[in-house]
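The values are calculated or read from the model by the stated rules, or taken from the named source; none is laboratory data. Only a predicted model underlies this, so the values are computations on that prediction, with no experimental measurement involved. Glycine gets a Cβ as well: all are built from the backbone with ideal geometry, and neighbour counts include every protein chain shown. Accessible surface is based on the protein model in full, side chains and every heavy atom, while ligands, DNA and RNA are left aside. Shrake-Rupley method; radii C 1.70, N 1.55, O 1.52, S 1.80 Å.
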Amino acid sequence: MASKELNSTDYIEHHLTNLTYGKCPDGTWSFAEVHGKSQVAGTEASCNISEMGFWAFQVDTLFMSVLLGMGMIFFMRRVAKNASSSKPGRIQNAVEYLVTLVRDQVQDNFTADKNPLMGPLALTIFVWVFLMNLMDLIPIDLVPWIANGFTAPNADGGAIHYFKVLPVADINAPMGMALGVLILIHYYSIKNKGLGGFLAELTFQPYGKWMAPINVIFEIPGFYAKQLALGLRLYGNLFAGEMIFILIALFFGGFFSSITGVLAGVAGLALNFIWAVFHILVVILQAFLFMVLTLVYLQQAHEHH
Amino acid sequence: MNFNATLFGQLLAFVFFVWFTMQYVWPYILEALEEREKEISDGLEAASRGKRELDEANQRKAEILEEAKKEAADLVNQANARASQLVEDAKATAHEEAERIKVSAQSDLEQAAKRTKEELRSEVAALAVAGAEKILGSEIDKDRNAQIIDQIAEEL
């Protein structure tokens with residue numbers, strides 16, 4: 001209690017640390033070490049996260065996103081297998097509503113020749129990102145608490161000391177998807193315009209071919225910025241949302257210690273509720289934006305200027 | 001915010017999910033959806049066609065009804081005219097018949113009266129002769145007096 005400031009910092013830092021499994025400089029693979037102990041009880045950690053460098057996996061991010069994605073495709077597959085045109089059930093109706101929404105978006109934004117990839121791509125992005133974003137609405141201490149064997153997330157006796165339930169608050173998840181979109185953009189640009197046409201678009205616009213160097217300075221950053229921004233936007237929004245939830249959670253710290261602690265806790269509850277309601281909007285909006293922007297960028301990759 | 005191999009893990013997962021959706025989810029749902037959309041639009045079209053046909057049938061029905069009503073009215077009028085004609089005819093026939101019966105009855109009556117008169121006359125003549133015989137106390141020679149008797153009978 002003496003160092004309440006430190007406690008808060010620890011708490012925030014704890015919530016911002018991924019469960020990481022990676023290759024240490026000495027060549028061994030292990031979970032990361034944080035504050036002198038391994039992230040997972042009973043394992044030896046030989047280095048901390050920053051020492052791992054590139055060869056590290058955020059286990060919680062991958063686990064949550066793959067789990068949600070698996071849930072998504074199994075659910076969708078079940079609906080698709082039993083889909084009937086004459087007697088749709090409630091679940092089929094819901095999924096069909098989603099598919100119709102995505103299809104309309106594809107038809108509105110994607111005016112190029114029909115590309116059979118666009119619908120499934122858009123649907124996957126929308127549903128998957130939506131589900132991942134939705135993890136933000138789970139009380140932030142709940143999953144770490146479960147992961148640590150139903151004890152306080154940092155307690156020594158537990159199992160997994162670090163577990164971030166929100167995959168999109170880890171830069172790797174949204175950027176991994178944005179990377180996929182970036183690859184698709186390059187693939188379709190080159191496929192539809194030819195390598196020459198694609199490069200010409202980046203060098204001969206907007207001022208004609210005699211101003212090529214200036215055009216490149218304008219076009220290349222713009223071209224890549226929008227694709228980076230696709231992932232960064234999602235990351236930024238959800239990370240910020242998560243951060244606010246963490247800060248609000250600090251209100252509950254002194255709930256059992258004093259009357260001001262109780263008052264702060266009540267205020268925290270109200271704030272948490274308000275922010276969660278507002279966040280429902282963000283969750284859907286960001287998923288939708290990611291989908292629509294993907295379609296728009298891929299449409300541009302199909303278009304001849 | 002540290003980039004690491006998670007990025008590619010995520011990318012792989014992304015590719016897999018998109019592939020799966022494209023292969024096993026999207027086409028099936030879209031097929032059901034489009035089939036239903038077609039069924040609905042067909043149904044709507046059929047419904048509007050049925051409605052149009054119903055309207056036409058209703059119109060035809062009204063026309064036929066109107067025609068039938070007119071025909072029936074004509075028939076009734078004709079029948080009425082015919083009936084009154086028949087009544088008139090029957091009246092005239094009856095009248096004639098009555099006249100004829102009256103006439104024949106009259107002539108029968110006259111004949112009967114005449115015959116009665118004849119009978120009465122001859123009877124009276126016989127009576128008169130008998131009376132005269134009694135008065136005269138002697139037989140009248142019928143042959144001789146036949147002329148007289150006939151004369152008397154004629155006068156009666």
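Give the residues of the range A:83-99 that are assigned to a helix (DSSP H, G or I), open to solvent by 40 Å² or more (accessible area, probe 1.4 Å) and among the polar types (S, T, N, Q), sorted by residue number. Full working, then the answer.
Going through the range A:83-99, the residues assigned to a helix (DSSP H, G or I) turn out to be A:90-99.
Adding the requirement that they be open to solvent by 40 Å² or more (accessible area, probe 1.4 Å) leaves A:90-91, A:93-94, A:97-98.
The one that is assigned to a helix (DSSP H, G or I), open to solvent by 40 Å² or more (accessible area, probe 1.4 Å) and among the polar types (S, T, N, Q): A:N93.
For the range B:9-43, name all the residues that are within 60 Å of the chain's Cα centre (by Cα) and closer than 13 Å to A:L123 by Cα.
Those that are within 60 Å of the chain's Cα centre (by Cα) and closer than 13 Å to A:L123 by Cα: none in the range B:9-43.
Working only within the range A:111-124, note down all residues that are buried (at least 19 other Cβ atoms within 10 Å of the Cβ) and at the interface with another protein chain (Cβ under 8 Å from one of its Cβ atoms).
A:G119, A:P120, A:L121, A:L123, A:T124
Restricting to the range B:1-43, and then to whatever is among the hydroxyl-bearing types (S, T, Y) and within 7 Å of chain A (Cβ to nearest Cβ), can you tell me which residue is farthest from A:G22 (Cα to Cα)?
The residue in question is B:Y28.
To keep it simple, each residue is scored yes or no on (1) open to solvent by less than 30 Å² (accessible area, probe 1.4 Å); (2) assigned to a helix (DSSP H, G or I).
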{"position": "A:S257", "(1), (2)": "no, no"}
{"position": "A:G261", "(1), (2)": "yes, yes"}
{"position": "A:G265", "(1), (2)": "yes, yes"}
{"position": "A:F273", "(1), (2)": "no, yes"}
{"position": "A:F278", "(1), (2)": "no, yes"}
{"position": "A:V282", "(1), (2)": "yes, yes"}
{"position": "A:A287", "(1), (2)": "yes, yes"}
{"position": "A:F290", "(1), (2)": "yes, yes"}
{"position": "A:L295", "(1), (2)": "yes, yes"}
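Answer with yes or no whether B:I64 is free of Cβ contacts under 8 Å to residues at least 60 places away in the same chain, within 14 Å of chain A (Cβ to nearest Cβ) and open to solvent by less than 100 Å² (accessible area, probe 1.4 Å).
Against the criterion (free of Cβ contacts under 8 Å to residues at least 60 places away in the same chain, within 14 Å of chain A (Cβ to nearest Cβ) and open to solvent by less than 100 Å² (accessible area, probe 1.4 Å)), B:I64 does not qualify.
Against the definition (aliphatic (A, V, I, L, M) and either within 7 Å of another protein chain (Cβ to nearest Cβ) or open to solvent by 30 Å² or more (accessible area, probe 1.4 Å) (or both)), how does A:M70 come out, yes or no?
Criteria met by A:M70.
Among (1) within 30 Å of A:S84 (Cα to Cα); (2) open to solvent by 100 Å² or more (accessible area, probe 1.4 Å); (3) not acidic (D, E), where does B:G50 come up short?
B:G50 satisfies all of (1) within 30 Å of A:S84 (Cα to Cα); (2) open to solvent by 100 Å² or more (accessible area, probe 1.4 Å); (3) not acidic (D, E) except (2).
Quick check on this structure: which one of A:V216, A:V181 is farther than 17 Å from A:E303 by Cβ and in a helix (DSSP H, G or I)?
A:V216
Being within 11 Å of chain B (Cβ to nearest Cβ), surrounded by fewer than 22 Cβ atoms within 10 Å (Cβ to Cβ) and either closer than 30 Å to B:E39 by Cβ or touching a helix residue (DSSP H, G or I) at 6+ places or on another chain (Cβ under 7 Å) (or both): is that true of A:S50 here?
no
Looking only at residues that are exposed (fewer than 15 other Cβ atoms within 10 Å of the Cβ) and hydroxyl-bearing (S, T, Y) in the range A:206-247, which one is farthest from A:G265 (Cα to Cα)?
Going through the qualifying residues, I end up with A:Y207.
Can you give me the ranges of the strands (runs of 3 or more DSSP E) entirely in the range A:6-64 with at least 2 residues that are in contact with a Gly (Cβ under 7 Å, 6 or more places away or on another chain)?
A:56-58
Among the candidates B:V18, B:V25, single out the residue that is farther than 16 Å from A:I183 by Cα, surrounded by 16 or more Cβ atoms within 10 Å (Cβ to Cβ) and in contact with a helix residue (DSSP H, G or I) (Cβ under 8 Å, 6 or more places away or on another chain).
Of B:V18, B:V25, the one residue that is farther than 16 Å from A:I183 by Cα, surrounded by 16 or more Cβ atoms within 10 Å (Cβ to Cβ) and in contact with a helix residue (DSSP H, G or I) (Cβ under 8 Å, 6 or more places away or on another chain) is B:V25.
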